[in-house]
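Below: one structure, written as structure tokens.
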Amino acid sequence: MTSLVSTSHLQLAAFAFGTTGWILCMISMGLVEWRVWHVDNTTIISSGIAWVGIWKVCFISYLHVSSDLKEQICHKMNDYETSIPNAIFVAQGLLLIAMIVGALGMASTIFALRSIYMGILYKTQIIRFFLVAGFLYLAAGLCVLIPVSWNFYSVVHNQTISFPPSFYMPSSPVTQEVGAAIPVGIISAILLLMSATFSFSYRFPVTPNARV
């Protein structure tokens, strides 16, 4: 059993990295700061800064309260808003998939590690669980990496968004920059892909009592 446990250190790290990457995926998905827009018209967007996320757009305004009180106004992005770019809608779907697939990857890793640490010497079962976990982590990492890279590209090229009039948002900013959600997403993707690599690297030791 000792020799079997000693072969799974990387896979234990895979579980730790995968769990951290999965948590960061959820954090990135929930953050509104994917794109930070700097606008010149401060009539409604009083601070001159708006945050564009994948679920909603937010900005600070004094108009609806008073000159002394500020209010954060947010508008949700719905599926029927055809003017919202594909990069945002794709991010919504892929990050939800990443969250589900990543959770399944962690579950598969837990089953494999449980067999190892409890001395259940079924070679095929352990290897299969680690392979499944590797593919699931790989899929989750790609599902995070694609929308993060796409939105990063959109920011770098200062791409515009034709928001509905009810959003009170200009179609283009003066400048825009990367928000906190994108680097968080990049770290999440790296950790998930590392977890996939570690899971794939498992090699079952030669054990006399091992069963197929």
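Could you please give the count of residues in the range 7-29 that are in contact with a helix residue (DSSP H, G or I) (Cβ under 7 Å, 6 or more places away or on another chain) and either among the aliphatic types (A, V, I, L, M) or open to solvent by less than 20 Å² (accessible area, probe 1.4 Å) (or both)? Steps first, please.
Restricting attention to the range 7-29, the residues satisfying the condition of being in contact with a helix residue (DSSP H, G or I) (Cβ under 7 Å, 6 or more places away or on another chain) are 8, 10-15, 17-22, 24-29.
Applying the additional criterion that residues be either among the aliphatic types (A, V, I, L, M) or open to solvent by less than 20 Å² (accessible area, probe 1.4 Å) (or both) yields 8, 10-14, 18, 21, 24-29.
Here the count works out to 14.
Take the range 190-205 and flag every residue that is part of a helix (DSSP H, G or I), over 15 Å from the mean Cα position of the chain (by Cα) and buried (at least 20 other Cβ atoms within 10 Å of the Cβ).
Kept after step one, since they are part of a helix (DSSP H, G or I), are these residues of the range 190-205: 190-200.
Pick out the ones that are also over 15 Å from the mean Cα position of the chain (by Cα) and you get 196-200.
Once the filter is applied, which keeps residues that are part of a helix (DSSP H, G or I), over 15 Å from the mean Cα position of the chain (by Cα) and buried (at least 20 other Cβ atoms within 10 Å of the Cβ), the range 190-205 yields A196, F198, S199.
Out of all the residues in the range 113-120, is one or more within 25 Å of C25 (Cβ to Cβ), surrounded by 14 or more Cβ atoms within 10 Å (Cβ to Cβ) and touching a residue at least 24 places away in the same chain (Cβ under 8 Å)? Within the range 113-120, one or more residues are within 25 Å of C25 (Cβ to Cβ), surrounded by 14 or more Cβ atoms within 10 Å (Cβ to Cβ) and touching a residue at least 24 places away in the same chain (Cβ under 8 Å). Scanning the range 57-95 for residues that are among the small types (G, A, S), at pLDDT below 85 and either touching a helix residue (DSSP H, G or I) at 6+ places or on another chain (Cβ under 8 Å) or closer than 16 Å to V36 by Cα (or both) yields a total of 1.
Residue-wise test of (1) touching a Ser or Thr at 6+ places or on another chain (Cβ under 8 Å); (2) among the aromatic types (F, W, Y); (3) closer than 19 Å to T20 by Cα.
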position	(1), (2), (3)
I100	no, no, yes
M106	yes, no, yes
T109	yes, no, yes
S115	no, no, no
M118	no, no, no
G134	yes, no, yes
A140	no, no, yes
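Evaluating G102 against the criteria (1) open to solvent by 30 Å² or more (accessible area, probe 1.4 Å); (2) within 13 Å of the chain's Cα centre (by Cα) leaves one unmet condition, (1).
Cβ separations smaller than 8 Å between residues 6+ apart or across chains give no pair from the range 91-110 residues that are on the phi < 0 side of the Ramachandran plot to residues that are acidic (D, E) and crowded, with 17+ Cβ neighbours inside 10 Å.
Annotation for the range 123-134: no member residue is on the phi > 0 side of the Ramachandran plot and of a type outside the set (A, V, I, L, M, F, W, C).
Considering I187, I182, I161, I146, the condition of being aliphatic (A, V, I, L, M) and either modelled with pLDDT under 90 or part of a loop (DSSP other than H, G, I, E, B) (or both) is satisfied by I161 alone.
The values are calculated or read from the model by the stated rules, or taken from the named source; none is laboratory data. Keep in mind that this is a model prediction, so the values were computed, not measured. Positions of Cβ are generated from backbone atoms using ideal geometry, with glycine treated the same way; all protein chains shown enter the neighbour counts. Ligands, DNA and RNA are stripped out before the accessible areas are found, and what is left, the full protein with its side chains, is counted by its heavy atoms. Shrake-Rupley method; radii C 1.70, N 1.55, O 1.52, S 1.80 Å.
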